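Just so you know, all these numbers are worked out from the coordinates, no wet-lab data involved. Quick caveat: nothing in here was measured; it's all calculated off a predicted structure. Don't worry about glycine lacking a Cβ; one is built from the backbone with ideal geometry, like all the others, and counts go over all protein chains shown.
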Amino acid sequence: MKLFIHRKDLRTEDLHAFDYLQNQEDESLHLFIYDPFLLRQGRDKEHSGINFLRHAAGLARQYREAGKLLHVAHGKPAEVVDYILGHMEGNIDEVVVHRDMTPYAIERDRSIRKVVDQYQAKFTQLTDHLLIDLPRFADFTGKSEPYKVFAAFHRRWVEFMNEFPNPPSVITVADLKISKLSIEFPDSFRVPAALMDVEPAEEPYGLLDAFLKERIVEYGEHRDEYETYEPSHLSSYVAVGAISIRRMYDAAYRAEQPDEWIRQLCFRDFYLYRAVYESHYFTYEKVYDLSPLSDYHFERWCKAETGIPIIDAAMTELNETGRMPNRLRILTAMFLTKNLQCPFPLGEAYFRRKLLDYDNIQNRGNWLWCASLGENAAPYFRVNNPVTQSEKYDPQGDYIRKWLPDLKDLHSKHIHQPREGAIVDLKASRQAAIEVYKQILASRQKD
C-alpha cells in the first residue's frame with residue numbers, strides 16, 4: 001500500500017502523483033496535514049492563511065464528492081508519518097509526495113525521509129508544479145550554467161514547450177484505488193475545529209474559462225491598467241496548487257492571442273528554476289550588507305500612512321482584501337526598499353501574511369527584483385516614481401478614490417500628488433536610494 005500526502009497540490013485532478021499511483025496498481029491512503037509551522041504567528045487569521053485553509057476545505061469536499069477517503073491530521077509532518085507507518089505495521093511500502101523547493105520544505109522532507117527509512121519503505125518525490133522538467137530542460141539547452149536573465153530563459157522555454165509538450169492528465173481521484181481503512185489519530189494529531197470551520201474555496205475553472213474567452217486578448221496591452229482591466233483571479237488557486245498549471249497552459253495555448261499571458265506562466269517557472277539553481281536565492285540578505293537600511297518608515301508603509309496616494313491605496317486594498325494588482329506590488333515594494341530604504345525581508349514577510357495568493361518562491365523573486373539584489377534584478381538606479389506611474393496607468397485616479405475615499409473629491413490633476421506631510425520627498429529619496437544601493441551592491445561577499 002502507498003501513502004500519498006497532499007501539500008501544495010490541493011486538487012483532485014491532473015496530479016503527477018495520481019498518474020504514478022495509477023501505474024502502481026496498488027491501494028493508497030491519502031493524507032493532508034495541517035502543518036502548524038506554516039500557520040504559525042497567527043497566519044491562520046491572515047489572508048494568506050485563510051486562502052490556504054479554504055482550499056484545504058475545498059480539497060476535503062472534492063474527496064467527499066468523489067466518494068473517496070482523505071485523512072487529515074495536525075502536527076509536524078514527520079511525526080504524523082511516523083504514527084501512520086507504525087499504526088499500519090509494515091503495510092505501507094512507499095510514501096509519495098510532490099517536491100517543493102523552499103528551505104523549510106527541503107528540511108521537512110529530509111525529516112520525513114528519515115522516518116520512512118526507519119520503516120524500510122520507499123520515499124518518492126515527484127515534481128508537479130513546474131511546466132518544464134528541469135533536468136530535461138538543462139539537457140535541451142546544453143548550457144553548463146543556468147540562465148540568469150529571464151529574456152534568454154523565456155526564449156528557450158518557449159522552444160522547449162513546443163518540442164516537449166506537458167499536457168494535463170485525465171486521471172482524477174475517482175480513478176484511484178483509495179483505501180477505505182480508517183485511522184484513529186490520537187488527540188495530539190487531531191485538527192483544531194477552528195482550522196476547518198471555513199467556507200471551502202470555489203472551483204477555479206469557471207474563472208479560467210471566462211478569462212480566456214473574454215479578457216486574454218487584451219492582457220498584453222492592458223494588464224497594467226489596474227483599475228479598469230480585470231485579471232484572471234487565478235493566482236490564489238495557483239499558489240496552493242488548487243488549479244493545474246498544465247491545464248492553464250493547455251487551455252491558454254488554444255485561446256486567441258495567449259502569448260503575453262503564457263509569458264507570465266513562464267515567469268513563474270523561471271522563479272522556481274532560480275530557486276533550484278541560484279545558490280543564494282533564499283539567503284541574499286546574508287550576502288549583501290544591508291546595514292545602511294532601517295525599519296524607520298516600515299510601520300507607516302504597512303498602515304498605508306505614507307502620504308503617497310497610490311502607495312496608500314494599494315496597501316489599503318492589500319490589508320483589507322489580500323489582493324493587490326501586480327503593477328502595484330512592484331511599485332509598493334520598490335517604494336519600501338528604495339525610497340524608504342527598508343530591508344526587503346521586512347516587506348517580504350509582510351506580504352507573506354497579507355497576500356491572498358502568497359507563494360514563497362514567487363514572492364521572494366519579486367522582492368529581490370525590486371530591491372536590485374540577485375542574478376535577475378532591476379538595476380540599482382531604477383526607482384519607479386509612484387506619482388508618474390499612477391498618472392500613467394490610472395489617469396483619472398479612480399483606484400485611489402475607491403481605496404482612499406477621503407480623496408475622492410480631488411481633481412484628477414491633484415489626486416496623484418503626495419499629500420502634505422508625506423514621509424519622504426520623492427526626488428530626494430530617489431537620489432539617496434541610488435547612492436545607498438550602489439554601496440550595498442558593492443558589499444556583496446564573494447562566493
For region 41-154, what is the relative contact order in percent, using Cα pairs closer than 8 Å and at least 6 residues apart in sequence?
20
Which order do the peptides 111-118, 31-38, 140-147 come out in when sorted by mean C-beta neighbours inside 10 angstrom, highest first?
31-38, 111-118, 140-147
Is the shape of the chain rounded, prolate or oblate, going by the alpha carbon gyration tensor and its root eigenvalues a ≥ b ≥ c, with a/c under 1.5 for rounded and a/b larger than b/c for prolate?
prolate
If the reach is capped at under 16 angstrom between alpha carbons, list the lysines near residue 286, excluding any in the same chain fewer than eight residues apart.
446
In Å, the Kirkwood hydrodynamic radius from C-alpha pairs for region 253-374 sits at 15.3
Spatial separation of Cα centroids for region 350-426 and region 9-44, in angstrom:
36
Run down the lysines and flag those whose C-alpha is under 27 Å from the C-alpha of residue 8, throwing out any fewer than 8 positions away in its chain.
45, 68, 76, 114, 122, 148, 177, 180, 354
Most exposed to least, judged by fewest other Cβ atoms within 10 Å, 240, 149 sort to 149, 240
Here the equivalent ellipsoid of region 1-57, derived from its Cα gyration tensor, has semi-axes (largest first, whole Å) of 28, 12, 7
Mean separation of Cα contacts under 8 Å (at least 6 apart) over the residue count of the chain, i.e. the relative contact order in percent, is 19
Roughly how big is the chain's charge dipole about its Cα centre, with Cβ charges of +1 (Lys, Arg) and -1 (Asp, Glu), in debye to the nearest 20?
1020
Rounded to the angstrom and largest first, Cα extents along the principal axes for region 351-424 equal 43, 30, 24
At 10 °C and a viscosity of 1.306 mPa s, what translational diffusion coefficient does Stokes-Einstein give for region 284-441, taking Rh as the Kirkwood radius over Cα pairs? Give it in µm²/s as a whole number.
101
Based on other C-beta atoms within 10 Å, arrange 74, 414, 6 from fewest to most.
414, 74, 6
